[in-house]
Ligand SMILES: NC(=O)c1ccc[n+]([C@@H]2O[C@H](COP(=O)([O-])OP(=O)(O)OC[C@H]3O[C@@H](n4cnc5c(N)ncnc54)[C@H](O)[C@@H]3O)[C@@H](O)[C@H]2O)c1
């Protein structure tokens with residue numbers, strides 16, 4: 001099959017491209033290299049079955065021939081990460097909303113099945129122990145830019161489901177929970193790369209807030225298999241699925257675990273949210289996915305435990321000392 005991946009030079013997109021290529025598909029990637037990197041595709045590019053186009057998904061003229069020429073689209077291009085969103089609020093909103101609008105419109109025009117990468121952020125401040133796909137979303141005020149990302153992705157979900165209902169467009173939506181692994185950079189506020197980098201450099205590991213907030217981290221290999229499994233299953237069409245891992249850990253414990261596994265002597269420092277992100281920053285106490293729905297449909301399993309994930313990220317940063 002010919003597959004187009006938007007944002008394919010990014011962290012998850014590059015792993016998705018590798019997995020789909022290994023399964024025998026022809027891959028085209030469109031990426032504007034804003035947060036994605038050519039280096040992420042270094043291992044793939046010499047292959048004849050991989051084509052990389054530099055361009056923006058906001059530019060319909062660039063993306064249209066690529067959509068027309070493929071069998072399926074995986075839409076991952078987006079402005080991602082808390083820091084990026086706070087720093088570039090206008091660009092974030094335009095990239096995430098307009099990007100999905102352009103891509104969905106072209107998929108309808110050329111009758112292509114499309115995967116939409118949404119996020120656990122759409123649950124907002126809902127602290128339920130095990131978030132199910134039909135649970136309520138609890139989002140903060142529009143005065144807090146932090147919530148813009150969740151709302152743009154929510155709108156992408158609404159739009160994709162509307163295309164499905166109104167025009168029968170085959171869409172599959174996944175809400176990805178924290179996804180981690182080699183090639184994720186810490187430049188845009190991602191916690192594990194930041195902790196690992198600091199630990200390896202002997203710098204303080206900075207925990208924001210009390211550190212008592214908990215999260216779940218899934219290895220990108222598990223997430224990518226989940227995404228591909230959903231796209232291959234006819235009953236996933238027109239529906240929304242959580243994808244992630246439900247092994248929960250507090251951020252404080254995560255910092256200690258990174259310190260121990262990397263053999264670091266770094267101290268652990270606690271930084272108030274206001275200092276890290278500005279006044280009035282809001283965060284969730286917990287965010288744990290229910291994986292019942294995806295397990296029931298495709299037998300999704302997480303193979304990688306947190307310690308193994310951390311070891312793989314530590315090994316990656318040791319080998320790629322210049323990455324940050
Ligand atoms: N990493 C996570 O934990 C996580 C969690 C939930 C959802 N997601 C979603 O998964 C997707 C991939 O995220 P990621 O972690 O790989 O982030 P990433 O920043 O590494 O990937 C995003 C890619 O999109 C590209 N891009 C941005 N704007 C573009 C544009 N206008 N035109 C073309 N390309 C553009 C970037 O250059 C980058 O390669 C995103 O849609 C994100 O919202 C990620």
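Identify which of 52, 196, 67 has the largest mean-square fluctuation in a Gaussian network model of the chain, with springs joining Cα atoms closer than 10 Å.
In this elastic network of the chain, the residue with the biggest mean-square fluctuation among 52, 196, 67 is 52.
Going by C-beta contacts inside 10 Å, put 158, 208 in order with the fewest on the left.
158, 208
Just 172, 288, 45 to compare: in a GNM of the chain, with alpha carbon springs under 10 Å, which one fluctuates most?
Judging by the Gaussian network model, the answer is 45.
How do 281, 123 rank when sorted from fewest to most other Cβ atoms within 10 Å of their own Cβ?
Values: 281 19, 123 26.
With the fewest neighbours first, 281, 123 line up as 281, 123.
So what's the back-of-envelope 222 nm ellipticity for the chain, counting only DSSP H runs of four-plus at -39500 (n - 2.57) apiece and dividing by all residues, rounded to 500?
Helix contribution divided over all residues of the chain: -11500 deg cm²/dmol.
For region 86-141, what class follows from the C-alpha gyration tensor (a ≥ b ≥ c being the square roots of its eigenvalues): rounded when a/c is under 1.5, otherwise prolate if a/b is larger than b/c, else oblate?
Values: a/c = 3.58, a/b = 1.46, b/c = 2.46.
Taking the square roots of the gyration eigenvalues as a ≥ b ≥ c, region 86-141 is oblate.
Is region 172-324 rounded, prolate or oblate when judged by the Cα gyration tensor, a ≥ b ≥ c being the square roots of its eigenvalues, rounded requiring a/c under 1.5 and prolate requiring a/b larger than b/c?
Here region 172-324 falls in the prolate category.
Can you tell me the Rg and the Dmax, both Å, for the Cα atoms in region 1-147?
Spelled out, the Cα radius of gyration and Dmax of region 1-147 are 16.3, 48 Å.
More than 25 Å apart: what percent of Cα pairs in the chain qualify?
49
Arranged by the count of other C-beta atoms within 10 angstrom, fewest first, what order do 183, 51 take? Please report the intermediate quantities before stating the final value.
Details: 183 21, 51 16.
Ranked by crowding around the Cβ, least crowded first: 51, 183.
Give me the percent relative contact order of region 55-211, please, defined on Cα pairs under 8 angstrom at least 6 residues apart. Each step should come with its number before you reach the end.
Values: 202 pairs, mean separation 38.6, N = 157.
Reported as a whole number, the value is 25 percent.
Just want to confirm a number: the relative contact order over the chain, from Cα pairs under 8 angstrom separated by 6+ residues, in percent.
Once normalised by length, the contact order is 17 percent.
Given the options 195, 177, 21, which has the most mean-square fluctuation in a GNM of the chain, springs set between C-alpha atoms less than 10 angstrom apart?
The residue that fluctuates most here is 21.
Each value in this text was obtained by applying a stated rule to the coordinates, not by laboratory testing. Note that the structure is predicted; figures quoted are calculated from it, not measured. Virtual Cβ from ideal backbone geometry, glycine too; neighbours counted across all protein chains shown.
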